[in-house]
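The values are calculated or read from the model by the stated rules, or taken from the named source; none is laboratory data. This is a predicted model, so every value here is computed, not measured. Cβ placement follows ideal geometry from the backbone for every residue including glycine, while neighbour counts extend to all protein chains displayed. Accessible surface areas use protein heavy atoms only, side chains included; no ligands, DNA or RNA. Shrake-Rupley method; radii C 1.70, N 1.55, O 1.52, S 1.80 Å.
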Amino acid sequence: MTNTGAEVLVVDDDEALTDVYAAWLDDEYDVVTATTGSVALDTLDTDDVDVVLLDRRMPGLSGEDVLERIRHAEYECRVAMVTGVRPNTDVVELGFDEYLLKPVDRDDLTSTVETLLDRSKYDDKLQELYSLMSKRALLESEAEDGSIQLDTSYEDLVDRIEDLRSQINDTVTDFGHDDFRVAFRDLPNGQTGSD
């Protein structure tokens, strides 16, 4: 699926890295770069950004600060953290949609942008579900490697996922056949939020 015309904002204090990411993406998307959190927020104020690729650790306004302001201002964009910071259970409360550990390759980056653009078509609950499931997979992977210990925040995350799935399934149950087909026609592989 081509998402030509979509705008991607790449935010990283390493200018050479923003240039590399922009070069990887600019055949398919309109790419804007920022090397500080404040420039990123100024860009979001003036441009119609669809996806933000955001470094977590930057001097001044950190990626976490930028992410918090993005969600507080209710910008209509999806956010992937692209960072060298290994995740811990603190990621449960961060409002990102995907989390990529550096170094990332071109395929991972372009695939993530496309996935986030596809998800932007979903309603809020489905977007939240995919974000939470991404966090769960990330934490489980880190725990399997022995990098972190899962705690009550992980258990709360699992509970939130199950609650959201239940809400979505209840909504789907109320759909007529045509409503269901229209609501879920763009979901990859016919996924409906249940395993």
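The table below lists the values:
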read-out: Flag for Val20 being more than 20 Å from Ala73 (Cα to Cα) and in a strand (DSSP E or B); value: no
read-out: Given (1) among the polar types (S, T, N, Q); (2) touching a helix residue (DSSP H, G or I) at 6+ places or on another chain (Cβ under 9 Å); (3) open to solvent by less than 60 Å² (accessible area, probe 1.4 Å), number of the condition Thr152 does not satisfy; value: (3)
read-out: Those residues of segment 7-42 which are touching a helix residue (DSSP H, G or I) at 6+ places or on another chain (Cβ under 7 Å), open to solvent by 10 Å² or more (accessible area, probe 1.4 Å) and of a type in the set (A, V, I, L, M), in sequence order; value: Val31, Val32, Leu41
read-out: Boolean, Thr89 is modelled with pLDDT under 95, among the hydroxyl-bearing types (Ser, Thr, Tyr), open to solvent by less than 60 Å² (accessible area, probe 1.4 Å) and within 23 Å of Val20 (Cβ to Cβ); value: no
read-out: Matching residues, segment 69-78, being open to solvent by less than 40 Å² (accessible area, probe 1.4 Å) and assigned to a loop (DSSP other than H, G, I, E, B); value: Cys77
read-out: Unique match (being part of a helix (DSSP H, G or I) and not basic (Lys, Arg)) among Val52, Val82, Val66, Val104; value: Val66
read-out: Scan of segment 23-43 for residues that are charged (D, E, K, R) and outside any loop (DSSP other than H, G, I, E, B), ordered by number; value: Asp30, Asp42
read-out: Output for segment 92-101, where each listed residue is crowded, with 20+ Cβ neighbours inside 10 Å and part of a loop (DSSP other than H, G, I, E, B); value: Phe96, Asp97
read-out: Residue in segment 112-130 that is modelled with pLDDT under 95, over 26 Å from Asp26 (Cβ atoms), surrounded by fewer than 20 Cβ atoms within 10 Å (Cβ to Cβ) and small (Gly, Ala, Ser) present; value: no
read-out: Segment 40-52 residues that are without any contact (Cβ under 8 Å) to a residue 40 or more places away in the chain, paired with ones that are open to solvent by 50 Å² or more (accessible area, probe 1.4 Å) (beta carbon under 7 Å, 6 or more apart); value: Leu41/Arg69; Leu44/Tyr75
read-out: Residue check, Asp55 open to solvent by 30 Å² or more (accessible area, probe 1.4 Å), closer than 29 Å to Gln149 by Cα and without any contact (Cβ under 8 Å) to a residue 60 or more places away in the chain; value: no
read-out: Tally, over segment 131-149, of residues that are assigned to a helix (DSSP H, G or I) and either open to solvent by 60 Å² or more (accessible area, probe 1.4 Å) or among the polar types (S, T, N, Q) (or both); value: 5
